[in-house]
Amino acid sequence: MNDELKKLLSRFILFVLLTTTVKAQDKTQFFPKDDLMSLGIYYYPEHWDKTEWERDIKNIASLGFEFIHMAEFSWANLEPEEGVYDFTWLDEVIELASIHELKVVLGTPTSITPVWMGIKYPEIYLMNADYTRQEHGTRDQQSLSNPVWRDLSKKIVAKMGERYGQNPTVIGWQIDNEPWAKEDFSPSSQKAFRVWLQNKYKTIENLNKAWGNAFWSQTYGAFEEIKIPNAKLVGWWGINPHSLLDLKRYSADIQAGFLDMQAAVLRPLISTSQYITTNYTATTPAADPRRTKMLDFNSFTSYPNKGNANLGDLGFRLGDPKELSFALSFFKSEHLVSGIMELQPGFVNWGGINPLLQPGTLRMWLYHCFGGDLSFACSYRYRQINYGAEQYHSGITKLDGLSLSQGGKDYKQTIGEFKILREAYDEDVHMPEKLKDRKTALLWNYDNFWSMEGQGQTKQWNTLKFFQKYLEIIKSFGAPADIVYEDDDLSAYKVVIAPTFELVDKALIRKWENYVIQGGHLVLTLRTGVKDRNGHIFSSGWGEMIYPLIDAEIQNFDQLMPSAKGTLEAFGKEYYWNNWADLVHAKSPENVLAHYTNQFYKGKAAVVSHKMGMGTVTYIGVDTDDGSLEKDVLRKVYAQGNITTENYPEGVYVQWRDGFWVAVNYSSKEYKLNITGKSDVLIGDTTVRPGGVTVWKE
Ligand code: GAL
């Protein structure tokens, strides 16, 4: 075969692969709508005596769980020696599951390594920033760019796919466990980083420019000279921020590539009724879900209670609502389906303090997930284990594997109640108009997150917290809030908020402008539009790219000492700030909504708003201590757009799905719902107690 022919043939094969076998499947097929949210539980047969398997599986089924999750840490049991596979034990448990009418989700076991593997191929472990190689002992330590590791992973995934890809009891696959785009300083990662940079920049001159290497003699002569930027060795204060941003992007790409690689192995082997997902962490978005191309949908893990002082006296037992709240808005953004793969079952072993949950808390979290329109909720884990690193971690059953923990009791009650909801489900319902009207998009961008976390500029800066402040205000308005990416379609949203959106280009500004001209209400905030995509600050004015949009200039920005009080006036009220203040100069004084009332720049504007085309643009240039100014400004934005809002107190969430209104209460005070006489209360009552739930239909 001549070269030309070979080239053509390989292109054809690639085309067929991309368009057929590896194509992600239709996402709605995996979860029948009338099941609403199916419930599952983690089970580890490898931890228990074989004689207990049937008892456990029977128990799980009789509690009403619908699926079990297995195998994500069991590589040593599946491949006890290189190339020697043992699936008999897993076959047996899957068979038991099938007998007891449970479905199975299988995890690929690539977040751990069997002992033999580490001895034989030590290069599969990642290297820390001090260039020490990790070694056997825990999990999530692999060098994802290492070819040996990738090869070993491919083989076990293929074996599992061949074995269970057509098994009707298996409904889905979770790739790896809690993907985490870790920095890896190993030689294979160094090499992969250089390749990544070369692909991105093509020439070393382009890279030198993008990284600003003229500063401090950092200019490179060739890609081969580059080492992964190492803040640990050179000190965070002096490290090149542009190279660090690329390191984050590279690490996220490597992580996503590893997931896609596994999905590509599985896809041709599995039936179209099995889904492929992975379980991202809810708390810190540690890996960018949008970078993967081959998964059917995203799922996530959430552990809302680490014994933190949350809302009020009971908060430390009810958990931090913001964690689930963020995840529920974030993980559905790209796909129709999302589920929670791991939900905390009770106390954990790794919180600063690990208190018992208030009875009912797990039930409340489950309803929070339900209201958030998830398709499944699975809890980690069925049995508490009496040995190993997580022996102090609770399960749905206690150490005897029989008695229900408080979490188990909560699950049992919820499963019972779900029968009522499934019966009450009506497939012909549509989202109420007032909710459609309120639908709000908040723009998220990982580059911004990484860039700002790297350069807070004040020790009080916390990007995620700032973002959550806006998200929580929107939820207190009773508005459905989607966290979307900048290139998503914004036309379904009357209000779009870009909290602290640092990195922009002309195309994005144009997109925002068009959105507003066509009638959208755009809200921009401090630190938006100040840098280009390489992270260089625009030269002619702080945030200059957004000046035409906001019809104002940002002349400077300020920060106060932690104990100092900056004052502001708006809507005839006084507000306080401390963290960040932009000094805004509005072109037309009538556009000013808030101005500073102390400091030497007293009188300067902090918030401006104006009409543009058929919509409005509002710029909030200050971070108030309690978010009250932001809330008042946003309420005005909604009112201008003729959009109604509620006023739910902190910790109270009221969501709507499939015809059900769902209220949960994380606060330490009772909340009286405003439910009309015509409503049908299905679960709970019109007053939601702390940790309580109410579900009703209108
Ligand atoms: C999760 C992890 C689980 C388990 C759990 C304990 O982060 O995915 O495997 O370790 O934490 O809370």
Would you tell me the accessible area of LEU245, worked out with a 1.4 angstrom probe on the heavy atoms of the protein chains, in Å² to the nearest 10? 10 Å²
Taking only C-alpha pairs under 8 Å that are 6+ residues apart, what is the relative contact order of the stretch 534-590 in percent? 34 percent
Taking Cα pairs under 8 Å and at least six residues apart, what relative contact order does the chain come out at, in percent? 10 percent
Need the C-alpha centroid separation for the stretch 684-698 versus the stretch 419-475, integer Å. 23 Å
So how exposed is GLU135, as accessible area in Å² (1.4 Å probe, rounded to 10)? 130 Å²
How much length would be gained if the chain were fully extended between ASP489 and LEU404, taking 0.36 nm per residue of separation minus their Cα-Cα distance, in nm to one decimal? 26.0 nm
Mean projected area (nm²) of the alpha-carbon convex hull when the stretch 124-169 is viewed from all directions: 4.4 nm²
Rounded to the nearest 500, what is the 222 nm mean residue ellipticity of the chain from helices alone, with -39500 (n - 2.57) per DSSP H run of 4+ residues and division by all residues? -9500 deg cm²/dmol
The simple spin-label model distance between GLU646 and HIS47, using points 7 Å out along Cα→Cβ, in nm, is 3.7 nm
Rounded to the nearest 5, the percent of antiparallel DSSP beta bridges in the stretch 427-576 equals 30 percent
Within the chain: Cβ-based charge dipole about Cα centre, in debye rounded to nearest 20 (Lys, Arg +1; Asp, Glu -1): 980 debye
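Can you tell me what share of the DSSP beta bridges in the stretch 368-506 is antiparallel? A percent to the nearest 5 is fine.
Roughly 10 percent of the DSSP beta bridges within the stretch 368-506 come out antiparallel.
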What is the spin-label model distance, in nm, from TYR220 to VAL148 if the labels are put 7 Å beyond Cα along the C-beta direction? 2.6 nm
Can you list which of the DSSP-assigned H helices in the chain have a Cα extent of 30 Å or more along the long axis and an average Kyte-Doolittle score of at least 0.0? 241-266
Taking every DSSP beta bridge that has both residues in the chain, what percent is antiparallel when rounded to the nearest 5? 50 percent
Which FRET efficiency, nearest 0.05, do GLU427 and LYS58 yield, Cβ-Cβ r, R0 30 Å? 0.35
Expressed in Å to one decimal, the Kirkwood Rh of the stretch 531-683 from all distinct alpha-carbon pairs is 18.2 Å
Rounded to whole Å, sorted largest first: equivalent-ellipsoid semi-axes of the chain, Cα gyration tensor: 41, 35, 24
If I stretch the segment between THR88 and SER679 completely, what's the gain in nm (0.36 nm per residue apart, minus their alpha carbon distance), one decimal? 207.4 nm
Charge tally in the Cβ shell below 15 Å around ASN578, where Lys, Arg are +1 and Asp, Glu are -1, ASN578 excluded: -3
With Cβ to Cβ distances under 12 Å as the rule, what net charge do the other residues near LYS475 carry (K, R +1; D, E -1)? 0
Surface/4 estimate of mean projected area, convex hull on alpha-carbon atoms of the stretch 191-235, nm²: 3.3 nm²
What distance in nm lies between label points placed 7 Å from Cα along the C-beta direction at THR138 and MET561? 3.9 nm
Spin-label zone in the stretch 433-457 - amide nitrogen under 18 Å from a point set 7 Å from the Cα of TRP237 along the C-beta vector: 454-457
What value in Å³ per residue do you get for the convex hull of the alpha-carbon atoms in the stretch 125-253? 136 Å³
Mind checking the dipole of the stretch 655-697: about its Cα centre, +1 per Lys or Arg Cβ, -1 per Asp or Glu Cβ, Debye to the nearest 20? 80 debye
Equivalent ellipsoid, the stretch 655-697 (semi-axes from 5 times Cα gyration tensor eigenvalues, Å): 17, 11, 7
Give me the number: length gained by fully extending ASP625 to SER273, i.e. 0.36 nm times residue separation minus the C-alpha to C-alpha distance, one decimal in nm. 121.7 nm
Would you tally the net charge around MET614, using a Cβ to Cβ cut-off of less than 14 Å, leaving MET614 out, and scoring K and R as +1, D and E as -1? +1
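The values are calculated or read from the model by the stated rules, or taken from the named source; none is laboratory data. Note that the coordinates shown come from a computational prediction; the quantities given were computed from them, not determined experimentally. Positions of Cβ are generated from backbone atoms using ideal geometry, with glycine treated the same way; all protein chains shown enter the neighbour counts. Each accessible area value is taken on the protein alone, full model and side chains, heavy atoms only, with ligands, DNA and RNA left out. Shrake-Rupley method; radii C 1.70, N 1.55, O 1.52, S 1.80 Å.
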